[in-house]
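The values are calculated or read from the model by the stated rules, or taken from the named source; none is laboratory data. Not measured: the values here are computed from a predicted model. As a convention, Cβ positions derive from the backbone with ideal geometry for all residues, glycine included, and neighbour counts pool all protein chains shown.
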Amino acid sequence: MFVSWNWISELVDTTGVDPKAFAERFTLSVAEIEEVVEFGAGLSAVVVAEVVKISPHPNADKLRLADCDLGDRQVQVVCGAPDLKVGMRVPFVPPGVTLPSGITVRHGEVRGVPSPGMLASEADLGLSEDHDGLMELDGCDAPTGTPLPTAIALHDVLYEVDNKSITHRPDLWGQVGMAREVAALLNRPLKPLDITGLTFGDTPPLDVAISAHGHCRRYLCTRLDGVTIAPSPVAARLRLRSLGVRPINNIVDATNLAMLETGNPLHAFDASSVRGDQLIIRQAVEGEQLETLDGETRHLAPTDCVITDEQGPVALAGIMGGANSEIVATTTGVVLEAASFDGAAIRKTATRLGMRTDSSARFEKHLDPETARLAALRFCKMVLELCPDAQITASLLDKGAHIDSPPAPVAISTSRSYLRSRLGLNAEQLSDAWMDRAFSALAFELRGEGDELVVTVPSFRAGRDVGIAEDLVEELGRVFGYDHIPSEAPQVAARPPYLPPSKLQERAARQALAQGRGLTEVVLYSFESEPFRKRAGLVELSAAGHAEPRLRLANHLSADQTHLRRLLCNNLLSAMEDNLLQGNRAAEGHKGLTIGLFELSRAFVPLASNESAHPAADPGLPPALTDSTARQGYLDGLSDALREGATAALKSTAPLPWQPRRLAIALGERLGGGQQGLVSAPKAVSVRLFREAVGAVEDLCRQLQRPAPQFKRQPSVGQLPDGLIRHPGQVDLRPAWLHTARHATIAVDGRFIGLVSLIHPEVRSRLGVPAEVALVELDLDALLDVTAVPEQGEAPPKFPPSAFDLTVPCQPSVRADDLRGVLAAAGDGVVDGVSVDVQWVSEYADEGTDAFGRALTFNVTSRNPDGSLTDDNITQIRRALLGSLLDHSQVRDGWAQDMITHHS
Amino acid sequence: MSTETPAWMADIDSAALTALGAIEAAATLATLREAEVGALGRKGNVTALMKRIGKLDKSERKAFGAAAGGLRGKVTRAVSARREAIVQAAIAAELADTTFDETLPGLDGAPGHVHPLSRVQQELEDVFISMGFSVLDYPEVESEFDNFEALNIPGWHPARDMQDTFWLEGGHLLRTHTSAGQVRAMHQFKPPFRAVFPGKVYRYESTDASHDHTFHQLEGLMIGRHVSVGHLLDSMRTLLSAIFKRDVQVRLRPGYFPFVEPGFELDISCQVCDQKGCSVCKQSGWVELLPCGLVHPNVLRAGGLDPDEWQGWAFGLGLSRLVMMRYGVNDIRLLMGGDARFVEGFHPGT
Ligand SMILES: [Zn+2]
């Protein structure tokens, strides 16, 4: 949207105001100016010339010689324009002048004939993009030789206003609305638009019937005859150009000028093309078609509104006219439409058909139906000026719901003290008189006694713009200037802020993983990439197992956005692959080829059908509004415009899906040498990555002051190990990437917290890089629910412990922690008051064929808090531990007995 | 009494020769220890000699004892002297060594990296906490009501169009702004209160270097008995000065956001040129930073608060944009691209 300073200056006295300096005030009080543009600058050397004689060019058929009168002299120049004719007045550019377009006119020869200067087109002068023909200065009475900027009001300063900043202000889509703002800011009067001297006939131009009342609130119509279609005078053409509208002919230009001025779009039909004597404004019928002015055939839908004559549509209401009733060169009679169409309906049709026009853009803003009449009158006035032979030959027909039952004016009850207090001003800073003046400059009417005020809102602000006292606060504030409001520290209650435990937990988790484990945090999208899932085999694996439901989007931009992720690890694995593909990081990182990533984010798990009443499920509604009385009270307080939607939205709201806070870790290592798809990971690498992942989880629990996690395989995949509790929305037991033979559930204090797993070999074989990856996915909320380990200041033991190692030959399938558990249980209570702690230290695996080729070494630490341990105590404990392994099926036969006999 | 040399004297001399010879020959502490054990250990030759005293005549015992004891003392002193010599020689040798390469790369212990979004978010949270603001966290999948109607955004508002919002099958949506948490906060706290709630927001729009369909915001909300534009001005200047760690000027321009009235675009003094004029601020000295305003009464109503009793201000800060401004990130898509090298380009730590 452009604001023309020249146009504003016709409506407000702007004497002494520098438009460029004023732009800042405008931005601070009205709307954001994207750019201040100078139109028609740099043309002071260009003068008005009149072509007095035309002769052929001796050496070129397409060129001619034009003798031009420049007032004080005549020149002959070479001209290639086909529309050159004797008597025409055109801009002449003397040699040596550089035009805004960058062209420098030379004193040269054209095909052997001297040409000291040039006759210019609008494009040459930088006034339009239109290169067709010379710029005709018709309607310009200035004597030849007059500098162009003096001859026509060429120079203008334009504000290019950010359209987004005026979407809520329908009144600002016309120059007069902008002028009202300028007048208020300058404290100078706004001149009324000239609608004097119009005489309408007695008979209506046509019969008008409105059946689409929802689409059309007001329809004004009249007729003008005796029209001669011609180009508009140069001043009108330039004005249109400067505001970004292409001049067409005097009638169409008048509709556009009246629209630019008032903000209300208009449409002119060729009277002779309208079939029959009735216009019907109705909804389109399915299958109906209309060829619009741009030559496109539009397929209409019942949500569209059309203007029809006896035989069918002649215009797409509020968007574009039909080709069948276009103003043409032979038009002599014009039927004018000045209507007010519903913004939402126009927006819907314009969006559906991809037709954003100057007209639809304005109607979408919900224009004031009052403005339609003003626009009609201004159109008539302009036509009579542009086309002196024209006559208004009909009455001004005015129909619609807006006329039948005019809306009551909007009046707001408030007080002067309230308006001041919301701005933070007192009566000294913002006086009653100042307030009165500001409101009246903006066309608000004030009544009221003392402090009380009743403010009547002008119709052009009353639609969806100003309706409550807070809106009046804004009106006053912006005219007053927000930069003049003193800032003041608010009085606030001194209360400690609340920081949810989840926040502290996330901070500690980041600390543990980044600082403690050297991992790198990534922040990934909430959408799951289907292409990656397919390529990595995750789709197949989950289909073969149990595909868990995910939330699907109703609209998406790409195949990467069709679903919300139910697990973080899928995206994290994809990111891991990308990072591994980036190649050798050995030189950069301390961990050699290992890359460690983690992410803290929400996952999205649909509620199961029986979970919608789950006490932990979020209802998606403010709690107070779930009660029907409170809800009605709330709805009653809303404006009509909002109430309908709010009622529907409240009614249809279903509980929200689970959105658990998750932590995911991925540790990946690129495997050298192997080929993609054929590689199997060396077991040592797998074990190391898995143990690093386990260590990260252990560190995490320590950092979060939670009990040490327990790692156990699922008894069968999808089955929770005995005794664990798992809540709805928690990590799935069998994600597609789960390695069914190399994984563990993570449990803390008897609760299921998540999973740690190497990636499924099928997934590993499909990655774009030979690599082994360990993944962790765990529920932060579940971990938060576990009681923290209390801290206690205990005195350190006075006596040193006694320790020995035990190396047990066993089968490879034995679980170190099971064996450790057996030993620890056996040591317990052997000697009164002596605690026995057993820790796994190391393992040695013989790759040979011995069924007991694995050796696990445990460190046994015994401690007597009240004294030293005797050699006998140690021997007793050692025997008890060995005794517990005597009949262990996975320990080498006879080994324990042998140890007891010979080494104790 | 005889003055001739006793027979055992030769044995003592021989033992001394062996022991002291081994000690003198020891070049390392380990061989010295061997020599020491070989002389004075349980099976050492000096120890063995000492044991012979019981088999001697009483008359000889004293002389033998003195000689053997002397030998043991001599050996002990020799060991000490030798140990000291070895240690000194080793120290001298180490100090004289010129082969130590101090240019080899460091080992291990390098910390990982926290994402810049997390760092900036936490830093801002701490600023707000220090000024008494609570920090909250609300769902990303929201109801249409919380995201729109509760915020006074009716169905006809352009922001409601399909092209701006990711909708889920079944009617929920991905919140388009952290403002969706405003009514939640009003119900969670007893007024007066002040709170911020950061998080991910989503827009159904195509992406380029300065637009992503997912980005991060931080919402601020203050509810009190009396909240004015003057209060908003003061709060924003104070908060932003704390965030930018320097004195910041702010100014308000009219801006239209349905959930605030009056609504503003807030500009801050250009941090690049200190308002002298530069390309970042297009010579104006001001840079548009965030939308804010006084909470609309309809929003207070949805939050269960009586607008005649309670007032408030709110703002929405673009966290992603702040990260980009602070670190000169020229493509927003880098933030959520998952490339560890991008994150590792920042200082480690939180
Ligand atoms: Zn600057």
| request: Scan region A:90-106 and give yes if some residue there is over 16 Å from residue A:149 (Cα atoms) and more than 56 Å from the chain's Cα centre (by Cα), otherwise no. | output: no
| query | Does region B:304-317 contain at least one residue that is within 25 Å of the chain's Cα centre (by Cα), more than 13 Å from chain A (Cβ to nearest Cβ) and either over 23 Å from residue B:133 (Cβ atoms) or of a type in the set (Val, Ile, Thr) (or both)? | reply | no
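When region B:126-161 is examined, which residues are found to be in a helix (DSSP H, G or I) and more than 7 Å from every other protein chain (Cβ to nearest Cβ)?
Just the residues of region B:126-161 that are in a helix (DSSP H, G or I), to begin with: B:126-130, B:144-147, B:149-151, B:158-160.
Matches in region B:126-161: B:126, B:127, B:128, B:130, B:147, B:151, B:159, B:160.
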| request: Identify the single condition in (1) within 33 Å of the chain's Cα centre (by Cα); (2) more than 16 Å from the ligand (Cβ to nearest atom); (3) surrounded by 16 or more Cβ atoms within 10 Å (Cβ to Cβ) that residue B:256 does not satisfy, given that it satisfies every other one. | output: (1)
| Flag for residue B:263 being in a strand (DSSP E or B), within 13 Å of chain A (Cβ to nearest Cβ), over 26 Å from residue A:36 (Cβ atoms) and more than 16 Å from the ligand (Cβ to nearest atom) | no
| field | Filter pass, residue B:239 being touching a helix residue (DSSP H, G or I) at 6+ places or on another chain (Cβ under 8 Å) and either of a type outside the set (Lys, Arg) or within 16 Å of the ligand (Cβ to nearest atom) (or both) | value | yes
| Residues of region A:301-315 being free of Cβ contacts under 8 Å to residues at least 60 places away in the same chain, buried (at least 22 other Cβ atoms within 10 Å of the Cβ) and more than 12 Å from residue A:265 (Cβ to Cβ), which ones? | A:304, A:306, A:307, A:308, A:309, A:313, A:314
| field | Residue in region B:268-282 that is facing chain A (nearest Cβ under 10 Å) and modelled with pLDDT under 90 present | value | yes
| request: Considering only region A:285-403, give the helices (runs of 4 or more DSSP H) lying wholly within it that have at least 1 residues that are over 39 Å from the mean Cα position of the chain (by Cα). | output: A:369-386
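Quick check on residue B:175: is it more than 8 Å from chain A (Cβ to nearest Cβ) and closer than 24 Å to residue A:550 by Cβ? First the steps, then the outcome.
On the way: more than 8 Å from chain A (Cβ to nearest Cβ): yes; closer than 24 Å to residue A:550 by Cβ: yes.
The answer is yes for residue B:175.
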| helices (runs of 4 or more DSSP H) contained in region A:441-529 and holding at least 3 residues surrounded by 22 or more Cβ atoms within 10 Å (Cβ to Cβ) and at the interface with chain B (Cβ under 7 Å from one of its Cβ atoms) | A:469-480
| note | Note on region B:13-33: residues of a type outside the set (Gly, Ala, Ser) and part of a helix (DSSP H, G or I) are B:13, B:17, B:18, B:20, B:23, B:24, B:29, B:31, B:32, B:33
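Looking at B:300, B:305 in this structure, which one is more than 8 Å from the ligand (Cβ to nearest atom), assigned to a helix (DSSP H, G or I), assigned by TED's automatic domain parsing to the domain that holds residue B:210 and not small (Gly, Ala, Ser)? Before the answer, list the steps.
Numbers: B:305 fails: assigned to a helix (DSSP H, G or I).
Matching residue, one of B:300, B:305: B:300.
Could we say that residue B:251 is within 16 Å of the ligand (Cβ to nearest atom) and either assigned to a strand (DSSP E or B) or in contact (Cβ under 8 Å) with a residue 24 or more places away in the chain (or both) here? Write out each step before concluding.
Numbers: within 16 Å of the ligand (Cβ to nearest atom): yes; either assigned to a strand (DSSP E or B) or in contact (Cβ under 8 Å) with a residue 24 or more places away in the chain (or both): yes.
For residue B:251, the condition - within 16 Å of the ligand (Cβ to nearest atom) and either assigned to a strand (DSSP E or B) or in contact (Cβ under 8 Å) with a residue 24 or more places away in the chain (or both) - is met.
Condition check: out of contact with any Cys (no Cβ under 8 Å at 6 or more places or on another chain), facing chain B (nearest Cβ under 7 Å) and not acidic (Asp, Glu). Does residue A:595 satisfy that?
Numbers: out of contact with any Cys (no Cβ under 8 Å at 6 or more places or on another chain): yes; facing chain B (nearest Cβ under 7 Å): yes; not acidic (Asp, Glu): yes.
Criteria met by residue A:595.
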| query | Are any of the residues in region B:311-320 within 16 Å of the ligand (Cβ to nearest atom) and modelled with pLDDT of 90 or more? | reply | no
| remark: The one condition residue A:223 fails out of (1) charged (D, E, K, R); (2) assigned to a loop (DSSP other than H, G, I, E, B); (3) in contact with a helix residue (DSSP H, G or I) (Cβ under 7 Å, 6 or more places away or on another chain) is (2)
| Can you tell me which residues in region A:625-668 are under 25 Å from residue A:550 (Cβ atoms), part of a loop (DSSP other than H, G, I, E, B) and facing chain B (nearest Cβ under 7 Å)? | A:653, A:654, A:656, A:657, A:659
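Suppose the filter is in a loop (DSSP other than H, G, I, E, B), under 29 Å from residue A:785 (Cβ atoms), out of contact with any Leu (no Cβ under 9 Å at 6 or more places or on another chain) and more than 8 Å from chain B (Cβ to nearest Cβ); does residue A:613 pass it?
Values: in a loop (DSSP other than H, G, I, E, B): yes; under 29 Å from residue A:785 (Cβ atoms): yes; out of contact with any Leu (no Cβ under 9 Å at 6 or more places or on another chain): yes; more than 8 Å from chain B (Cβ to nearest Cβ): yes.
So residue A:613 fits the description; yes.
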| task | Kindly indicate whether residue A:830 is part of a loop (DSSP other than H, G, I, E, B) and surrounded by 14 or more Cβ atoms within 10 Å (Cβ to Cβ). | result | yes
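Among the residues of region A:675-724, count how many are in contact with a helix residue (DSSP H, G or I) (Cβ under 9 Å, 6 or more places away or on another chain) and under 24 Å from residue A:542 (Cα atoms).
Quick first cut of region A:675-724, residues in contact with a helix residue (DSSP H, G or I) (Cβ under 9 Å, 6 or more places away or on another chain) only: A:676-681, A:696, A:699-712.
Next, only the ones that are under 24 Å from residue A:542 (Cα atoms) stay: A:676-681, A:711-712.
The qualifying residues number 8.
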| note | When region B:171-200 is checked residue by residue, the ones that are without any contact (Cβ under 8 Å) to a residue 40 or more places away in the chain and in contact with a helix residue (DSSP H, G or I) (Cβ under 7 Å, 6 or more places away or on another chain) are B:171, B:173, B:175, B:176
| Residue count, region A:865-883 (criterion: surrounded by fewer than 19 Cβ atoms within 10 Å (Cβ to Cβ), touching a residue at least 12 places away in the same chain (Cβ under 8 Å) and not hydrophobic (A, V, I, L, M, F, W, C)) | 9
| Is it true that some residue in region B:278-293 is away from the ligand (no atom under 16 Å from the Cβ) and more than 21 Å from residue B:130 (Cβ to Cβ)? | yes
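Out of A:414, A:393, A:349, which single residue is in contact with an Asp or Glu (Cβ under 7 Å, 6 or more places away or on another chain) and within 14 Å of chain B (Cβ to nearest Cβ)? Even if it seems obvious, please write down each step before you answer.
Values: A:414 fails: in contact with an Asp or Glu (Cβ under 7 Å, 6 or more places away or on another chain); A:393 fails: within 14 Å of chain B (Cβ to nearest Cβ).
Just a single option satisfies the conditions, and that option is A:349.
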| task | Check whether at least one residue in region B:270-279 is in contact with a Ser or Thr (Cβ under 8 Å, 6 or more places away or on another chain), surrounded by fewer than 22 Cβ atoms within 10 Å (Cβ to Cβ) and assigned to a strand (DSSP E or B), and report yes or no. | result | no
| within 26 Å of residue B:249 (Cα to Cα), hydrophobic (A, V, I, L, M, F, W, C) and part of a strand (DSSP E or B): does that describe residue B:289? | yes
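Among the residues of region A:455-497, write down those that are among the acidic types (Asp, Glu) and either within 17 Å of residue B:226 (Cα to Cα) or touching a strand residue (DSSP E or B) at 6+ places or on another chain (Cβ under 7 Å) (or both). It would help to see each step written out before you state the result.
Within region A:455-497, the first condition is being among the acidic types (Asp, Glu), and the residues that meet it are A:465, A:470-471, A:474-475, A:483, A:488.
Of everything in region A:455-497, those that are among the acidic types (Asp, Glu) and either within 17 Å of residue B:226 (Cα to Cα) or touching a strand residue (DSSP E or B) at 6+ places or on another chain (Cβ under 7 Å) (or both) turn out to be A:470, A:471, A:474, A:483, A:488.
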